[in-house]
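Structure record follows, encoded as structure tokens.
The values are calculated or read from the model by the stated rules, or taken from the named source; none is laboratory data. Just so it is clear, the structure is predicted and the values come from calculations on it, not from any experiment. Here the Cβ is made from the backbone with ideal geometry for all residues, glycine too, and neighbour counts use every protein chain on show.
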Amino acid sequence: MYWRYLTRAARRCSVHTTSSRTVGWWDHVAPAAKDPINGVTEAFLADPSPYKINLGVGAYRDDKGRPVVLQCVREAEAKIAGSEFLESISASVSTKMVEESVKLVYGKDSDVVKEGRSAGVQALSGTGACRLFAEFQRRFHPESHIYFPDPTWSNHHNIWRDAQIPERTYHYYDPDSKSLDFAALMDDIKNAPDSSFFLLHPSAHNPTGVDPTEEQWREISYQFKVKGHFPFFDMAYQGFASGDLDKDAQAIRIFLEDEHLIGCAQSYAKSMGLYGHRVGCLSILCVDSKQAAAIRSQIQQIARAMYGSPPVHGILLVATILSDPNLKSLWIDEVKIMADRIQRKRTTLRQNLEKLGSSLNWEHITNQLGMFCFSGLTPYQVDRLAKEFHIYMTQDGRISMAGVTTGNVNYLANAIHEVTRSEQETAKILCSISV
Amino acid sequence: MHEKLKGKVKLGSTTNSTAGFIKTKSFGRVSMVAAVNVSRFEGVTMAPPDPILGVSEAFKADTDEKKLNLGVGAYEPKSYSLMCLMLLRRLAENLMLERGENKEYLPIEGLAAFNKVTAELLFGADNSVLKEQRVATVQGLSGTGSLRLAAALIERYFPGAKVLISSPTWEFPWSEYRYYDPKTVGLDFEGMIADIKAPGGSFILLHGCAHNPTGIDPTPEQWEKIADVIQEKNHIPFFDVAYQGFASGSLDNDASSVRLFATRGMELLVAQIGAMNVVCSSSDLAARCCEVAVIQVKSQLKRLARPMYSNPPVHGARIVANVVGNPALFDEWKAEMEMMAGRIKNVRQKLFDSLSAKDKSGKDWSFILRQIGMFSFTGLNKAQSDNMTNKWHVYMTKDGRISLAGLSLAKCEYLADAIIDSYHNVS
């Protein structure tokens, strides 16, 4: 590889002695494919239509389609406005943020918290937490793979690939029933080699919105114990599935009851609306506090080589909110408000489609949880929605319900009804045949 | 055999392929299959303490009132300079609050206003590289993050290419070129030139100004010679610009090395605090070609950033954009930097004066005055640096580097005593 570049360099030297060179160092760099999620937002922004709707990226919107800064965040901003960001302060603030974060996900009364058995490190939101873990996994288990649910968030593939960990998938979503393919999922867990690394979405699965039941989680946890698998949870939507922070952490609490030593990525992007501040946490549970210190030191070293130290403003906001009982209580209420609004829009969208007389089954809109709905729309239908109706979503048919409002839900329902007409015709024909 | 039903499928214990699932709460405690609480990461040992951050931790633990932290490159708490910078930041933040800006994700490449001002600061707003749109700029996570993006870009598009860094430099273990001459406590220019002459087609990491850790910068004439060699060998220069404005007090002067290379039409990588810049070559063909190269390189930088952190943090970028974009705040910031650089020069002078007065051996301490920026390489070795800490409670890195930002004029005499003792009485 190196010699190819040397030869190319030599060629450049010999051709371009007197005139300015016409070939540059970067000519062999091809344009990267657009990110499937950000690409949707770019297309939306470029569209001049007044009816356009962005159902692409998972960022919460109010009922007028506006981005929201939570009241608890505004109050925290006011509270910290006078403080200084000295190195010494940023270290203690980080520690505070991590302490509160692990309480949030594992429960403040859990043994792991009381015994100091979590190696917790602040991270650059969920992406950063996942990437730190992937790099850590590579460092200490270089031969391992990662098992992703099929489908999963598109960036998971990029993260583990760039950390040079090959991926495998396990069955998750059943496109026919638009729900969990539990039997196939359990088979895959059993058939995977012992001690494999699995990525799990503890609630509000992205992109499908399909979550296992409590019962199913217990069976998964049991089977993980039998096989000695490592469970890594990506918790990006705590609070958005049910509106209740503890309920949304139930899967993790079940694994804790079964004494798994899990890893967990947390993000405050959605639940606190701190998208642009890049605040999150990576924690790994350990046998004792000594191991936790060792693991923490290794992860910090990985982080240092990537970005030095994390941006402090967001960390300060989270630490302030979670350690002030009034602000924390306000935050909990606001999370519920956001989750409830999404739930209501799910109901309205489904009702509208049914009122329009759609012959397709739209139950999954209200069965699925969290910010996203896996609509079942095909890429062709998604394209039609963009081109004819100026409605933007990812190619896999994932709708960010946060982008649905009272003002646009009728338009959306009509558009979906329109682009699914031929599918409805087919369904009607099949129905009439089977009768 | 899966049962597929329309509507919600409840595939619980009734259809599970493994017979006899018991519906009790904790299966784990029933099972005797796996050993309890065996961690997959059992063998993980403590990472060695970070040589720079570790110094601050040791300093914090020290209870002696004479202690001095000259480790990390950050300003002394409660210093006037730091307070002025805080005030500036608060003014910028107030602007942001007034505008009611939200906290949405930035695009992967960062805040456009920030990228614009940061490239202008570096190259100068009238520079042809900017006018001809030959620069791909992506917001990064401070200096480290920008360097990491560059390293990832080099690894992906130039696998096997060599990267040469100065010896010493800021912690990355790649191939080295000679730089610091311990005999003169200055630049080993001949050694540097000899080393960067081989092999061709490599990346040469250069510090734009205020070299870290030595504080020793090439002169303008020496920069010209370095540029000659790099062009001749068809290397690509890779600048790390962490201290623009802090070295001489002038943003433009401190960017002169980068601008020299850009003016020669050379392709560059430049990591700034907060941004990664790639300058593509000019072309005989239409300007379209380099626009395309810029777009392509930018898209690849984004592709590297997405699986690291998705998009960069918004707060700092807005502060910078607001400060630089507001003439009154920008002027204030420039005045502030001039004052900070001036203060460091005063500290250097005081330290030099103290050393010359107290040290009767006749040793020449004037290198302290010739060095530039936040750091000074004292010439102390590891044992001597340890003595500084153990006996005098002066915290510094083991390579003999001290950070002058953490030193007040009042402490210069104490520091001089410590240095003289360590240099002469410890080997």
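Numbers at a glance
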read-out: Residues within segment A:207-226 that are modelled with pLDDT of 95 or more, more than 8 Å from chain B (Cβ to nearest Cβ) and under 19 Å from residue A:146 (Cα atoms), tallied; value: 3
read-out: Which numbered condition residue A:216 fails, given (1) in contact (Cβ under 8 Å) with a residue 40 or more places away in the chain; (2) buried (at least 20 other Cβ atoms within 10 Å of the Cβ); value: (1)
read-out: All helices (runs of 4 or more DSSP H) inside segment A:66-163 with 3 or more residues being over 30 Å from residue B:94 (Cβ atoms) and at the interface with another protein chain (Cβ under 9 Å from one of its Cβ atoms); value: A:125-140, A:154-162
read-out: Hits in segment A:385-418 - residues which are over 17 Å from residue A:47 (Cβ atoms) and in a helix (DSSP H, G or I); value: A:401, A:402, A:409, A:410, A:413, A:414, A:416, A:417, A:418
read-out: Qualifying residues in segment B:182-218 (those that are without any contact (Cβ under 8 Å) to a residue 24 or more places away in the chain and under 22 Å from residue B:236 (Cβ atoms)) - the one surrounded by the fewest Cβ atoms within 10 Å (Cβ to Cβ); value: B:194
read-out: Conditions (1) assigned to a helix (DSSP H, G or I); (2) closer than 30 Å to residue A:102 by Cβ: number failed by residue A:370; value: (1)
read-out: Residue within segment B:296-307 that is modelled with pLDDT of 95 or more and β-branched (Val, Ile, Thr) present; value: no
read-out: Unique residue being surrounded by fewer than 20 Cβ atoms within 10 Å (Cβ to Cβ), closer than 26 Å to residue B:254 by Cα and small (Gly, Ala, Ser) when the list is B:328, B:321, B:357, B:383; value: B:328
read-out: Search result, residues across segment B:45-74 that are closer than 18 Å to residue B:405 by Cβ and at pLDDT 85 or above; value: B:55, B:59, B:60, B:67, B:68, B:69, B:70, B:71
read-out: Test: residue in segment A:172-180 that is on the phi > 0 side of the Ramachandran plot and of a type outside the set (Gly, Ala, Ser); value: yes
read-out: The one condition in (1) of a type in the set (A, V, I, L, M, F, W, C); (2) surrounded by fewer than 21 Cβ atoms within 10 Å (Cβ to Cβ); (3) touching a Leu at 6+ places or on another chain (Cβ under 6 Å) that residue A:282 fails to fulfil; value: (2)
read-out: Near pairs, Cβ below 6 angstrom, 6+ apart or cross-chain, from segment A:362-384 (buried (at least 23 other Cβ atoms within 10 Å of the Cβ)) to any residue that is of a type in the set (Gly, Ala, Ser) and part of a helix (DSSP H, G or I); value: A:371/A:402
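Yes or no, residue by residue, for (1) touching a Phe, Trp or Tyr at 6+ places or on another chain (Cβ under 9 Å); (2) at pLDDT 95 or above; (3) surrounded by fewer than 20 Cβ atoms within 10 Å (Cβ to Cβ):
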site	(1), (2), (3)
B:341	yes, no, no
B:348	no, yes, no
B:367	yes, no, yes
B:377	yes, no, no
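Matching residues to (1) in contact (Cβ under 8 Å) with a residue 40 or more places away in the chain; (2) closer than 26 Å to residue B:247 by Cβ:
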{"residue": "B:377", "(1), (2)": "yes, yes"}
{"residue": "B:387", "(1), (2)": "no, no"}
{"residue": "B:396", "(1), (2)": "yes, yes"}
{"residue": "B:399", "(1), (2)": "yes, yes"}
{"residue": "B:407", "(1), (2)": "yes, yes"}
{"residue": "B:410", "(1), (2)": "no, yes"}
{"residue": "B:419", "(1), (2)": "yes, yes"}
{"residue": "B:427", "(1), (2)": "yes, no"}
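Yes/no matrix, rows are residues, columns are (1) surrounded by fewer than 21 Cβ atoms within 10 Å (Cβ to Cβ); (2) among the small types (Gly, Ala, Ser):
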{"position": "A:156", "(1), (2)": "no, no"}
{"position": "A:165", "(1), (2)": "yes, no"}
{"position": "A:171", "(1), (2)": "yes, no"}
{"position": "A:177", "(1), (2)": "no, yes"}
{"position": "A:210", "(1), (2)": "no, no"}
{"position": "A:237", "(1), (2)": "no, no"}
